[in-house]
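Written below as structure tokens is the structure these notes are about.
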Amino acid sequence: MKIFKVINNIVITLDQNNQEIILMGRGLGFKQRPGNNIDKNLIEKRFSLSSSDNEGSSVSQLLSNISLEDIRVATQILNYAEDIFNTKVSDSKVIALSDHIHSALERYNLF
């Protein structure tokens, strides 16, 4: 796999259908550039958006302002929900929740 884009220390790659895939892991995006090979041993989380979740937006656009900490918090919340409710949450929900957390924090900081 090759790096398509690095955003906030998150690596984005493309699958065989040219759909963007988000990869997270400690040091995964450190000093990396588009076109570099991805160290698969560093991948801790993998997210993708289904076409129904995507609504024409790219993952890059969704992540352009969201911090890595927002994504980590969303991941922890959804992992907790999976444990409590004994169910699996779609990976695309991590991006949606991260976006909601980011927006809520922005609104909070306006006041």
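So, residue 74, is that one open to solvent by less than 40 Å² (accessible area, probe 1.4 Å), modelled with pLDDT of 75 or more and not charged (D, E, K, R) or not? Yes. Summed over region 58-109, residues that are on the phi > 0 side of the Ramachandran plot and small (Gly, Ala, Ser) total 0.
Filter region 11-38 for residues that are open to solvent by 100 Å² or more (accessible area, probe 1.4 Å) and out of contact with any helix residue (DSSP H, G or I) (no Cβ under 8 Å at 6 or more places or on another chain); which is nearest to residue 1 (Cα to Cα)?
Step one: filter region 11-38 for residues open to solvent by 100 Å² or more (accessible area, probe 1.4 Å), giving 16-18, 26, 30-31, 33, 37.
Adding the requirement that they be out of contact with any helix residue (DSSP H, G or I) (no Cβ under 8 Å at 6 or more places or on another chain) leaves 16-18, 30-31, 33, 37.
On the way: 16: 10, 17: 13, 18: 12, 30: 16, 31: 17, 33: 13, 37: 6 Å.
The residue in question is 37.
Annotation: residue 60 fulfils all but one of (1) assigned to a helix (DSSP H, G or I); (2) modelled with pLDDT of 85 or more; the unmet one is (2).
The values are calculated or read from the model by the stated rules, or taken from the named source; none is laboratory data. Note that this is a predicted model, so its numbers are computed, not measured. Note: ideal-geometry Cβ built from the backbone for every residue, glycine included; neighbour counts use all protein chains shown. Areas reflect the complete protein model, heavy atoms only, side chains present, ligands, DNA and RNA absent. Shrake-Rupley method; radii C 1.70, N 1.55, O 1.52, S 1.80 Å.
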